[in-house]
Amino acid sequence: MKELSIIIPVYNVQKYLEDCLLSIYKQSLSLETFEVITVNDGSTDRSLDILRKYGKIYPNLIIVSQENKGQSAARNNGLAVASGKYIFFMDSDDFLCLDSLSSLLSKAVEHDLDVLRFDYRYVDEEGHKLDKKTNRDKRRQYSDWLVDGQFLYKHLYQGEFFCLSLLKRNFLLKYSILYKEGVFFEDVEYALKVAYYAKKVVYMDSCIYAYRQRGTSTIYTIDKKKVTDIIGASISVLKYLDD
């Protein structure tokens, strides 16, 4: 069994994909420790060629292909083949900005955590740091504290949730926590379920994730379906809390 499975949905990101992969392989983790599960979501650009190129270099890179079904289906399919004790979901246009993944993983394994939460910074399309404020200052009071799922409730919507956590795979499987497919803002309901069930949680004040701001991202475009999906996710959250 690997200690870590990094799951990356890939769809038409040839411009950013190599930055993402290189940032992982620059981490001080031995190849035997982790696996990189890339899920090609029906890409029509050179993304699959790039994956095959890196797959020849790194034996721990796994390529899963599916018809275009969206990020949620890609993450779920990645989880289905993962063998790591911990899961880390990354977006293929983002990258890791510090060599901290090894220390985070050691912390999670040492304390047998359900969730280890860390932090991020914003970068522009070219990868340069943006002077855009996050909610990191509000979270620093929890740095290195062992807390329960209430921490996740309080900070549920402060930044992208799924790509800022190491999640124990057996914890996800035990409670059948999967992404809802075919909707936008799929992380809202997912994050709630993780927060509801998590018992052993640590927040570390380590800013290792670079969250790329792209004009074509979901949050920058709006249509009727996206509005409907976010309302639906909010209703699901309220129902979940009432149960």
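Some points to look at:
- Spin-label pair Lys26/His128, simplified geometry with 7 Å Cα→Cβ offset, distance in nm: 1.7 nm
- Looking at the stretch 29-103, the accessible area is 41 square angstrom per residue; that uses a 1.4 Å probe and ignores ligands, DNA and RNA.
- Take the Cβ atoms of Tyr197 and Arg52, set R0 to 35 Å, and the FRET efficiency comes out at 0.40.
- Placed amide H near Val39: partners under 5 Å, 5+ positions off or other chain: Ile8, Val10, Val64
- Protection proxy ranking for 67-74, 8-15, using the average of other Cβ atoms within 10 Å per residue and placing the highest first: 8-15, 67-74.
- Extension gain (nm, one decimal) between Asp99 and Ser83, 0.36 nm per residue minus Cα-Cα: 3.5 nm
The values are calculated or read from the model by the stated rules, or taken from the named source; none is laboratory data. Note that the structure is predicted; figures quoted are calculated from it, not measured. Cβ: placed from backbone, ideal geometry, glycine included. Neighbour counts: every protein chain shown. Keep in mind that these areas ignore ligands, DNA and RNA; they rest on the heavy atoms of the full protein, side chains included. Shrake-Rupley method; radii C 1.70, N 1.55, O 1.52, S 1.80 Å.
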